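Peer 1: Okay, here's the structure, questions in a sec.
The values are calculated or read from the model by the stated rules, or taken from the named source; none is laboratory data. Model, not experiment: these values are computed from the prediction. Here the Cβ is made from the backbone with ideal geometry for all residues, glycine too, and neighbour counts use every protein chain on show. SASA here: full protein model, heavy atoms, side chains in, ligands and nucleic acids out. Shrake-Rupley method; radii C 1.70, N 1.55, O 1.52, S 1.80 Å.
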Amino acid sequence: ALTPAQAFDALYEFCAPSLVQQTYLLTGRRELARESVDRAFQLAWQRWPEVAVDPEPAGWVRAVAHEYALSPWHRLRLRHRRPDAPPATPGDRRLLSVLLSLPPSYRRTLLLHDGLGVGLPETAAETEASTVAAANRLLHAREAIAEHFPDLTDPQELRRRLARLAKLADKERQDRRAAPKPVTVRTGSERRAQYWTRAAIACTTLLVAATAITVKTAPSHYEPPVPPGEKIHGVPPRAAPGALSAKQQKLRARLKSDSANGPERLLPEGR
């Protein structure tokens, strides 16, 4: 019996090189193909109890790698906007160009069925489509290939050419020798899981603290807003006080000199 680490290492060594070649046919970028395969195996190690009992662990990892490689978010990344150098052979260059011009779903269906020999029902299940939809995608993809390459109408010949084109993923960069070791992939997966766990804990702590502060500082009752003032028409403007006249000054002096208490303050004087 193999340990989980030994079983994972065996799966990685068996599938990783061919997965890089397949993903290169989907993207046309060697670096993205290697990154997709690494992410797929990292996720497989995180979910190894689920992958280990899967009827086809290689298919599980392949599906994850293909979905990651075909994600539209890669268009926003600067490092993947510039395509790799095209193949040197004109025929291979044209075939790769036609293949990459197909919609991603057609490209993936053609690769699985004609490139890898996966059955049509299994191809439909892996691409999350019905069997009829997968058959239509395969038919349109074959027609697009045959329009530029009439000699590739035979599925066997098409599979041979796709296999030859896929080997370009190992050319120039030598991805087989540059591929990380299984232990490196497992370690990177564990570090990635720890990072996201700590990030989730930090976000939860921050959310709890923000909630507590909000509950502490929020008002306990409703205070209706003060309505804006309105202009009242018909009221004369308030006049500013001016200088006192001689009569007003005399009256003020008399009020100050008279007694503050007594009937004089209550009884009017006759005139």
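Peer 1: Restricting to the stretch 48-92, what's the tally of residues that are under 17 Å from GLU128 (Cβ atoms) and touching a residue at least 12 places away in the same chain (Cβ under 8 Å)?
Peer 2: Going through the stretch 48-92 one residue at a time, the tally reaches 11.
Peer 1: Right, something else. For a quick check of your reading of the model, give me the residue pairs whose first member lies in the stretch 1-26 and is in contact (Cβ under 8 Å) with a residue 40 or more places away in the chain, whose second is surrounded by fewer than 17 Cβ atoms within 10 Å (Cβ to Cβ) and assigned to a helix (DSSP H, G or I), with beta-carbon atoms closer than 6 Å and at least 6 apart or on different chains.
Peer 2: Correct list of pairs: CYS15/ALA58; PRO17/ARG176.
Peer 1: Ok, one more. Does any residue of the stretch 93-114 turn out to be touching a residue at least 40 places away in the same chain (Cβ under 8 Å) and either farther than 22 Å from LEU32 by Cα or polar (S, T, N, Q) (or both)?
Peer 2: Yes, the stretch 93-114 contains a residue that is touching a residue at least 40 places away in the same chain (Cβ under 8 Å) and either farther than 22 Å from LEU32 by Cα or polar (S, T, N, Q) (or both).
Peer 1: From ARG142, ARG177, ARG186, ARG173, which residue is at pLDDT 85 or above and either in a helix (DSSP H, G or I) or not aromatic (Phe, Trp, Tyr) (or both)?
Peer 2: On inspection, the qualifying residue turns out to be ARG142.
Peer 1: Find the residue count for the stretch 147-169, including only residues that are in a helix (DSSP H, G or I) and open to solvent by 30 Å² or more (accessible area, probe 1.4 Å).
Peer 2: Kept after step one, since they are in a helix (DSSP H, G or I), are these residues of the stretch 147-169: 147-148, 150-152, 155-169.
Filter once more, keeping what is open to solvent by 30 Å² or more (accessible area, probe 1.4 Å): 147-148, 150-151, 155-157, 159-160, 163-164, 167.
Matching residues across the stretch 147-169 total 12.
Peer 1: Go through the stretch 205-246 and report how many residues are open to solvent by less than 100 Å² (accessible area, probe 1.4 Å) and among the hydroxyl-bearing types (Ser, Thr, Tyr).
Peer 2: 4
Peer 1: Give the number of residues within the stretch 256-271 that are loosely packed, with under 10 Cβ neighbours inside 10 Å and modelled with pLDDT of 70 or more.
Peer 2: 2
Peer 1: Counting just the residues of the stretch 58-89 that are at pLDDT 90 or above and of a type in the set (Phe, Trp, Tyr), which one comes out least open to solvent (accessible area, probe 1.4 Å)?
Peer 2: It comes out as TRP60.
Peer 1: Working only within the stretch 27-55, note down all residues that are open to solvent by 30 Å² or more (accessible area, probe 1.4 Å), in contact with a Lys or Arg (Cβ under 8 Å, 6 or more places away or on another chain) and charged (D, E, K, R).
Peer 2: Selection gives GLU31 alone.
Each row is one residue, and each column tells you yes or no for (1) without any contact (Cβ under 8 Å) to a residue 12 or more places away in the chain; (2) in a loop (DSSP other than H, G, I, E, B).
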{"residue": "ARG192", "(1), (2)": "no, no"}
{"residue": "THR197", "(1), (2)": "yes, no"}
{"residue": "THR204", "(1), (2)": "yes, no"}
{"residue": "HIS221", "(1), (2)": "yes, yes"}
{"residue": "ILE232", "(1), (2)": "yes, yes"}
{"residue": "ARG238", "(1), (2)": "yes, yes"}
{"residue": "GLN249", "(1), (2)": "yes, no"}
{"residue": "LEU255", "(1), (2)": "yes, no"}
